[in-house]
1. Two decimals, Cα atoms only, Kirkwood Rh: what is Rg/Rh over the stretch 8-55?
2. What ranking do 31, 24, 50 get, fewest neighbouring Cβ atoms within 10 angstrom at the top?
3. Sort 21, 58 by Cβ crowding within 10 Å, fewest neighbours at the top.
4. Give the order of 65, 9, 43 when sorted by the count of other beta carbons within 10 angstrom, beginning with the fewest.
């Protein structure tokens, strides 16, 4: 089973720049949440990492990003604000 990690981040934008490139492949409405959940795949060839992004209904300033799998390659682009993102994250236990 692939590892899963969820991060809760206070952010005005739904998509945080984590240094990897992603392609959106789906979106769906979620029960008891007014915000949809978006689904992304890493664009690097052969990498099977996926992520889900959803804003919380009870606190609209919080975005939950769930990663599934481990990247098989280095970060694809440098990000100046990654340290800033890390300071905002709250890591949840693996599922």
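Only the coordinates and a few stated rules stand behind these numbers; no lab work does. Predicted, not measured: the structure shown is a model, and the values here were computed from it. Ideal geometry is used to build each Cβ from the backbone, glycine not excepted, and the neighbour counts take in all protein chains shown.
1. Values: Rg = 11.7 Å, Rh = 11.8 Å.
Rg/Rh: 0.99.
2. Values: 31 4, 24 11, 50 17.
Starting with the residue having the fewest Cβ neighbours, the order is 31, 24, 50.
3. Numbers: 21 14, 58 7.
Listing 21, 58 from fewest to most nearby Cβ atoms yields 58, 21.
4. On the way: 65 22, 9 19, 43 11.
Ordered by Cβ neighbours within 10 Å, fewest first: 43, 9, 65.
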